[in-house]
Amino acid sequence: MPLLQIDRVAKAYGVAPARRVLNGVSLVLRSGEYVAIMGDSGSGKSTLLNLIAGLDAPDHGRIVFDGQDLAQLGDAERTRLRRARMGFVFQAFHLLPHLSVARNVALPLALNGVRGAAAMARVERMLESVELGSRAHSAPSELSGGEMQRVAVARALVHRPSLVLADEPTGNLDADSAREVLALLRAQLKRDSAAGILVTHSLAAARTADRIYVLDGSGALSEREEPVHA
Amino acid sequence: MSYGSGVLLEAGVVGPMRHQLGRTLLAVIAIALGLALGLSIYLINRAAADEISLAARSLYGLADLAVVATNEDFEEELYPLIARKPGVSIASPQLRVEANLADRRGTLAFVGVDAFRYRALQPAFASVADADRTTRTLFDPRTILVSAAAAQTLELREGDALRVQVGLDVIAFEVGGVLPAEAFRESIAMLDIATAQWAFGRLGRLSSVDVRLASGASALDVRRELASLAPNRIRITTPGEATDEALRLSRSYRANLTALALVALFTGGFFVYSTQALAVLRRRREFAVLHALGVTRRQQLGFVLAGSALTGLCGSALGIMLGTWLARLGVDA
Ligand SMILES: Nc1ncnc2c1ncn2[C@@H]1O[C@H](COP(=O)(O)OP(=O)(O)OP(=O)(O)O)[C@@H](O)[C@H]1O
Ligand SMILES: [Mg+2]
């Protein structure tokens, strides 16, 4: 059974004239697969990620995560599913400014009931693997953009989710930091055999994934025919 | 507290409060001020009401009724009629005069009493260490007793002279003793009733007669009987009514204070509401991120409520301390 099954999903915003953002989008993702989704600005990439995360509901079609149709779940159940099984990396980092680096990373563990020494050890190890072990007690505001995004990657992976959703994670980074964050994201996903969806504008970034999909102006998703990552 | 719940508490409640320390303190202070103002006004009000009823009670002593002049005074011929009415066990005549002090600014109430009868109605007076000497002092036409309150404000001690202006004359009294604080809460001087009538030019006049009923007598009947003696010149009151009257006099003043306290509380409450509403608006993006990380709506509500409760608790604790302190200042002043 695939981890994620998106079946002819459609989503429009507004009424008369409604703007169709997604139009019959289908996608199948198995455990441990890492795909990129490209598309112009406004083509509906973030919208698709929000639907997958259960933050929004499609107008038509089904999204099935690990055998569960998201539409069948209530908001609280979807939130708990997201909390336990998914991780998020945002373009604007979105670290909590009032928490230290270590506590930002500890948050998903606390939410999932991992407490005490076990939690602390996991936070420490996670920070080591994104090469920020020495910055555990810094405030997010003391970090560079690249460092903040590495913290966000650590936060998205610390609770060992089955699926990581990354929305333009390198959009605010310089080329070097972007490369570093993407390499780290891929390495961590592969280490944990987690599936990942990377949304990006950049072909170079998209090429770090196993497959590349393109969302076109009409709201249709298709695989880009190009051999990547042999 | 475990590491996990510590992280949650800091992520959702304490962290945001600390991050916006200025706003948090402002909200705490607003609650504290509103509560302090409301509480201190309430406490001062209550202290005033207590003081008034205590004063009335000490004034009446054991008296059940008082026959008081509707104007300034009435003729003393009424006194034996009152004393002889069936159902009256003790009748204690009094003449009260507000006199100008000669060497100082201000006035002092002089209360002329019949020492033996007065003693019978005032247990506090009778329990003075040397009651007999005190009583004798009252019969001496040159000496007065002063209440503890008067002794304090006028800085009088036993043996001091107190000079009073009556018309063009100045009369000198000697302070024969200080009444215990329980006996009289007001600031007054006490002297023999005959001396008072003579010294203040009110021969043959009384301002009130305190009455103790005989056991078994009907208060209503006695009241009606007494009132019929001179319907236009006297009226009958009871200690409770006197208290009520005094309270009624200060009621509008106290009602204003209460309204002020409510305004303060309301303003504080509105301020707190608007700061919290603003804080939630400001934290919308933060909540969106938390929601994406798996914080349910219910947990978010919990965070907001816990933050408000914490702010309210700190503000209230501070407000109660401040209010009690303010009230003490107000009552002592
Ligand atoms: N909540 C919303 N209400 C109305 N319209 C929306 C909403 N969210 C997105 N849209 C519209 O849907 C379209 C797709 O938005 P989306 O954010 O998914 O694009 P995107 O591909 O992520 O773009 P970008 O690369 O700029 O992030 C846009 O035209 C946007 O204006
Ligand atoms: Mg987007």
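Would you confirm whether or not the stretch B:292-315 contains a residue that is modelled with pLDDT of 80 or more, over 30 Å from A:D75 (Cα atoms) and not hydrophobic (A, V, I, L, M, F, W, C)? The answer is yes; a qualifying residue exists.
Within the stretch A:27-37, the set of residues being open to solvent by 20 Å² or more (accessible area, probe 1.4 Å) and either within 16 Å of ligand 1 (Cβ to nearest atom) or free of Cβ contacts under 8 Å to residues at least 40 places away in the same chain (or both) comprises A:V28 only. Within the stretch A:12-42, the set of residues being among the basic types (K, R) and either modelled with pLDDT under 95 or within 16 Å of ligand 2 (Cβ to nearest atom) (or both) comprises A:R19, A:R20. Considering the conditions (1) without any contact (Cβ under 8 Å) to a residue 40 or more places away in the chain; (2) more than 15 Å from B:L145 (Cα to Cα), B:R119 is excluded by exactly one of them, (2). The strands (runs of 3 or more DSSP E) located wholly in the stretch B:13-121 that include 2 or more residues which are open to solvent by 40 Å² or more (accessible area, probe 1.4 Å) occupy B:88-101.
Please go through the stretch B:211-233 and pick out each residue that is small (G, A, S), closer than 14 Å to B:D64 by Cβ and assigned to a helix (DSSP H, G or I). Within the stretch B:211-233, B:A219 is the sole residue that qualifies.
Selection within the stretch A:43-63: residues that are among the charged types (D, E, K, R) and surrounded by fewer than 20 Cβ atoms within 10 Å (Cβ to Cβ). The member of this set that is nearest to ligand 2 (Cβ to nearest atom) is A:D56.
Determine whether A:R82 is within 15 Å of B:G12 (Cβ to Cβ), facing chain B (nearest Cβ under 7 Å) and part of a helix (DSSP H, G or I). I'd like the intermediate steps shown before the answer.
On the way: within 15 Å of B:G12 (Cβ to Cβ): no; facing chain B (nearest Cβ under 7 Å): yes; part of a helix (DSSP H, G or I): yes.
When the stated conditions are applied, A:R82 does not pass them.
When you check B:F287 against the structure, is it within 14 Å of another protein chain (Cβ to nearest Cβ) and in contact with a helix residue (DSSP H, G or I) (Cβ under 6 Å, 6 or more places away or on another chain), yes or no? For B:F287, the condition - within 14 Å of another protein chain (Cβ to nearest Cβ) and in contact with a helix residue (DSSP H, G or I) (Cβ under 6 Å, 6 or more places away or on another chain) - is met.
Given the condition surrounded by fewer than 20 Cβ atoms within 10 Å (Cβ to Cβ), more than 23 Å from B:P16 (Cβ to Cβ), at the interface with chain B (Cβ under 8 Å from one of its Cβ atoms) and in contact (Cβ under 8 Å) with a residue 24 or more places away in the chain, answer yes or no: does some residue in the stretch A:91-107 qualify? Checked against the condition, which is being surrounded by fewer than 20 Cβ atoms within 10 Å (Cβ to Cβ), more than 23 Å from B:P16 (Cβ to Cβ), at the interface with chain B (Cβ under 8 Å from one of its Cβ atoms) and in contact (Cβ under 8 Å) with a residue 24 or more places away in the chain, the stretch A:91-107 yields no hits at all. Of everything listed in (1) closer than 15 Å to B:Y3 by Cβ; (2) part of a loop (DSSP other than H, G, I, E, B); (3) under 17 Å from the mean Cα position of the chain (by Cα), the single unmet condition for A:H94 is (1).
State all residues of the stretch A:150-203 that are within 16 Å of ligand 1 (Cβ to nearest atom) and either open to solvent by less than 10 Å² (accessible area, probe 1.4 Å) or among the aliphatic types (A, V, I, L, M) (or both); if no residue qualifies, say none. Result: A:L165, A:A166, A:P169, A:L173, A:A178, A:I197, A:L198, A:V199, A:T200, A:L203. On the stretch given as the stretch A:115-159, residues that are of a type in the set (A, V, I, L, M, F, W, C), closer than 18 Å to B:A11 by Cα and either part of a loop (DSSP other than H, G, I, E, B) or within 12 Å of another protein chain (Cβ to nearest Cβ) (or both) total 8.
The values are calculated or read from the model by the stated rules, or taken from the named source; none is laboratory data. As the structure is a computational prediction, the values presented were derived from the model and not from experiment. Methodologically, a virtual Cβ is constructed for each residue, glycine included, from the backbone with ideal geometry; neighbour enumeration extends over all protein chains shown. The accessibility values were calculated without ligands, DNA or RNA, using every heavy atom of the protein model including side chains. Shrake-Rupley method; radii C 1.70, N 1.55, O 1.52, S 1.80 Å.
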